[in-house]
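Trainee: Just passing along the structure, written as structure tokens.
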Amino acid sequence: MADLIERDLAVLWHPASHFADHERLPPLPVASARGSWLTLHDGRKILDAISSWWTSLHGHGHPAIVKAIQRQVERLDHVMLAGFTHEPAVELAEALVNLAPPGYGKVFYADCGSAAVEVSLKLSFQSRQQRGQPRRQRFATLRNSYHGETLGALAVSGSDLYRKTFAPLLMDVLELPVPRFSGHVHEALGSDLGADTSEADETVRLLNEHAEELTAIIIEPLVQCAGKMAMMGSGFYRRVVNEAQRLGIHVIADEIAVAFGRTGRLFASTWADVQPDLLCLSKGLSGGVLPLACVLVRRGFEADFHGDPSRSFLHSHTFTGNPIACAAGLASLRILQDETLPNLPPVIARLGEAAQAVARRSTVRAVRQCGAIVAFDVAAATPSLMPSAGRMSLTLREAALQRGVLLRPLHDTVYWMPPLNVDTSTIATLAEVTSDVLDSVLGTA
Ligand SMILES: *Cc1c(COP(=O)(O)O)cnc(C)c1O
């Protein structure tokens, strides 16, 4: 195992990691994974409390997904989607259009979330050029948002953390305020929560002021996950979508992190009863097993791309609509409908109860839950216990891993986003270990 780590450090450049941190917390060699658990080379088991970056919906190694992948790879491993088609791509697109909020007509495949965001930005922009609205060139985004790290997606991300190094390269976007709530946000799903806030008023005012220059607004519905699990309320989301569409501004819903049951429903947008013009999916799309992404496109949107060949949307990613990934996606949708979604309400309730147990400490604030996403902010009981600046997340992550749990706090926000079929005893373990980590790192004053 030490050998594998050494070889890793010699040749790999890890994402979202600082080289110096590898000395303190070297990459852990994973040998296998089942359900909510990873098994390391030395036999230790690690509870995957964040679904391996919010991807794994039904736990690792779900037999129906494994079987679907095996069957597909034996028949057709890959073929380009330009000029060819195949059953998995068509069936998955049909299933998505049938299950999504009403009004979608086409599915444009990509291979990662950032690529899906790029596709949606370019679709919106090009449609304006071709429908005689060339002045609509600018995008709006919400503060604290995250839409990926390619340059276009980064430009529309409302967080300086990821953006500031590249600021000179990024297009100018309109940034809009967004409210944030804590508590049982999920009990208010479908309500008007957030609609009458000053942030909603200001966002609506700015949309009106800039309507003629805006081509689209991009929003993560209900939860800004990378933005420290900030929860905006479904009323805010509904009001902003409706106002933007009334003003002729396209709405791009980035459901990459929140779709497929995370908020308790297949699509987060259905809580607000809205139909965004473009809807981005990735992460859980393949069940969290293979890279896959897509954009659902409102019926009729493609009209501006007919006519002269110069009006085509010239955009492609090499592995667009890969058959194996699409087969996994189809299997995942079936599991969601047959098993995972019907069993989700008690899981959501248990996660909420577990969070209440953790929340009794003085070191925990702003406990919040939206569907199967639970988060809270933490601070040390006394200043002397506070990890040095910027080290809070790493310190908590390290302490949790020592106790067999994968947590990856976003600065001082600890969150749980386990596989949606996590069992009762695993949730109990998660709560116990989290409590223990907080007490040992932050104190109990
Ligand atoms: C992860 C994420 C992305 C980017 O997806 P990648 O596959 O990492 O490029 C975009 N938007 C949201 C909301 C995400 O959570």
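What follows is calculated from the coordinates using simple rules that are stated; it is not laboratory data. Being a predicted model, the structure only gives us computed values, none of them experimental. Glycine gets a Cβ as well: all are built from the backbone with ideal geometry, and neighbour counts include every protein chain shown.
Trainee: If one computes the Cα centroid of the range 267-327 and of the range 336-357, what distance in Å separates the two points?
Mentor: Here the answer is 28 Å between Cα centres.
Trainee: Follow-up question, since we're still on this one. Mean residue ellipticity at 222 nm from the helices of the chain, using -39,500 (n - 2.57) per DSSP H segment of n ≥ 4 over the full residue count, to the nearest 500 deg cm²/dmol?
Mentor: -10500 deg cm²/dmol
Trainee: Which lysines have a Cα lying under 25 Å from the Cα of LYS67, excluding residues fewer than 8 positions away in the same chain?
Mentor: LYS45, LYS283
Trainee: Using R₀ = 30 Å, calculate the FRET efficiency as 1/(1 + (r/R₀)^6) where r is the Cβ-Cβ separation of ARG365 and ASP172; round to 0.05. All intermediate terms of the calculation are to be shown ahead of the outcome.
Mentor: Details: r = 35 Å, r/R0 = 1.17.
It comes out at approximately 0.30.
Trainee: In degrees between 0 and 90, to the nearest 10, how far off the longest principal axis of the chain does helix 344-359 point, with axes built from Cα atoms?
Mentor: Taking Cα atoms only, the helix is inclined about 50 degrees.
Trainee: Could you tell me the calculated FRET efficiency between ASP273 and VAL79, based on Cβ-Cβ distance and R0 = 45 angstrom, to the nearest 0.05?
Mentor: Values: r = 39 Å, r/R0 = 0.86.
The calculated FRET efficiency here is 0.70.
Trainee: Further, regarding this structure: Can you give the angle from 0 to 90° between the axis of helix 63-75 and the longest principal axis of the chain, with both taken from C-alpha atoms, to the nearest 10?
Mentor: Compared with the principal axis, the helix lies near 50 degrees.
Trainee: Name the residues of the range 227-260 whose amide N is less than 14 Å from a point 7 angstrom out from the Cα of TRP53 along the C-beta direction?
Mentor: Answer for this model: 257.
Trainee: Follow-up question, since we're still on this one. Residues of the range 306-336 with the amide nitrogen closer than 15 Å to a label point 7 Å from the Cα of GLN70, along Cα-to-Cβ, please.
Mentor: Within reach of a label on GLN70, which here means backbone N under 15 Å from a point 7 Å along Cα→Cβ, the range 306-336 contributes 328.
Trainee: Once both axes come from the Cα atoms, what is the angle between helix 392-402 and the longest principal axis of the chain, in degrees from 0 to 90, rounded to 10?
Mentor: On a 0 to 90 degree scale, this one is about 60.
Trainee: While we're here: Using the basic label-point model (7 angstrom from Cα toward the beta carbon), what is the ALA20 to GLU213 distance in nanometres?
Mentor: 4.1 nm
Trainee: Return the distance in nm (one decimal) between the two label points of a simple spin-label model at THR318 and ASP196, each offset 7 Å from Cα along Cα→Cβ.
Mentor: 5.5 nm
Trainee: Between the alpha-carbon centers of the range 74-106 and the range 29-68, tell me the distance in whole angstrom.
Mentor: Rounded to whole Å, the Cα centres lie 27 Å apart.
Trainee: Here's a follow-up. Among SER17, GLY235, ALA110, which residue has its Cα positioned farthest towards the positive end of the charge dipole of the chain, with +1 placed on the Cβ of Lys and Arg, -1 on the Cβ of Asp and Glu, and the dipole taken about the Cα centre?
Mentor: Of SER17, GLY235, ALA110, it is GLY235.
Trainee: Additional query: Let's test the formula: R0 of 25 Å, r as the Cβ-Cβ distance of ALA379 and GLU187. What FRET efficiency results, to the nearest 0.05?
Mentor: 0.45
Trainee: Right, here's the next one. Could you check the spin-label model distance between ALA445 and ALA303? Points 7 Å from the Cα along Cα→Cβ, value in nm.
Mentor: That separation, rounded to one decimal, is 6.3 nm.
Trainee: Enter the Cα centre distance for the pair the range 228-266 and the range 132-163, rounded to the nearest angstrom.
Mentor: 16 Å
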